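Here's the structure we're looking at; comments come further down.
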Amino acid sequence: MLFCAEHDDTPDDADYFARKIAKMRLFADADGKTNLSVLDINGGVLAVSQFTLAADWRKGNRPGFSKAGDPDAAKALYEHFCTALRAEGVPVETGIFAADMTVTLTNDGPFTIVMDGRD
């Protein structure tokens with residue numbers, strides 16, 4: 001999963017998302033219905049910080065990142081989120097905050113969900 005902290009995000013937001021992600025039914029059961037959570041399948045999460053999700057692309061041709069959280073605050077919120085997700089019982093591996101990483105992602109299933117606390 002990709003994680004982006006924006007200026008107004010709080011530890012309460014991170015706690016909410018951790019609870020929601022742990023229990024969200026995204027995985028198929030024996031009948032092929034999406035009734036199982038990451039906890040139900042004894043799965044885990046790779047949480048990678050990705051500030052570019054805050055990109056504002058509406059004006060011009062160069063995306064702006066002014067909505068992204070201050071790096072120090074964003075790192076603290078990312079770490080808080082990972083700790084909260086672990087507290088829900090989900091094994092969590094992390095990327096390296098602010099590193100230039102190569103991450104390979106395979107979407108195997110019907111879901112790509114954007115979760116924004118302002119919706």
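Here residue 32 clears all of (1) more than 29 Å from residue 74 (Cα to Cα); (2) modelled with pLDDT of 95 or more except the condition numbered (2).
If only residues of segment 21-61 that are surrounded by 13 or more Cβ atoms within 10 Å (Cβ to Cβ) and part of a helix (DSSP H, G or I) are counted, the one that is nearest to the chain's Cα centre (by Cα) is 21. Residue-level analysis places residue 72 outside the set of residues that are in a helix (DSSP H, G or I) and within 13 Å of the chain's Cα centre (by Cα).
Please specify each residue of segment 1-20 satisfying the condition of being hydroxyl-bearing (Ser, Thr, Tyr) and either in a loop (DSSP other than H, G, I, E, B) or under 11 Å from the mean Cα position of the chain (by Cα) (or both).
The answer is 10, and nothing else.
A search for C-beta distances below 6 Å between a residue of segment 10-29 that is farther than 16 Å from residue 91 by Cβ and any residue that is part of a helix (DSSP H, G or I), counting only pairs 6+ apart in sequence or on different chains, returns 11/80; 14/77; 14/80; 14/81; 14/84; 15/84. Residues considered: 15, 9. Of these, the only one that is surrounded by 13 or more Cβ atoms within 10 Å (Cβ to Cβ), among the charged types (D, E, K, R), at pLDDT 95 or above and touching a helix residue (DSSP H, G or I) at 6+ places or on another chain (Cβ under 8 Å) is 15. Only one of the numbered conditions (1) over 15 Å from residue 3 (Cβ atoms); (2) surrounded by 12 or more Cβ atoms within 10 Å (Cβ to Cβ); (3) in contact (Cβ under 8 Å) with a residue 60 or more places away in the chain is not met by residue 110, and that is (2).
Cβ separations smaller than 6 Å between residues 6+ apart or across chains give the following pairs from segment 79-100 residues that are buried (at least 18 other Cβ atoms within 10 Å of the Cβ) to residues that are assigned to a loop (DSSP other than H, G, I, E, B) and modelled with pLDDT of 90 or more: 90/38.
The values are calculated or read from the model by the stated rules, or taken from the named source; none is laboratory data. Source: prediction; values computed, not measured. Backbone-built Cβ (ideal geometry, glycine too); neighbour counts: all protein chains shown.
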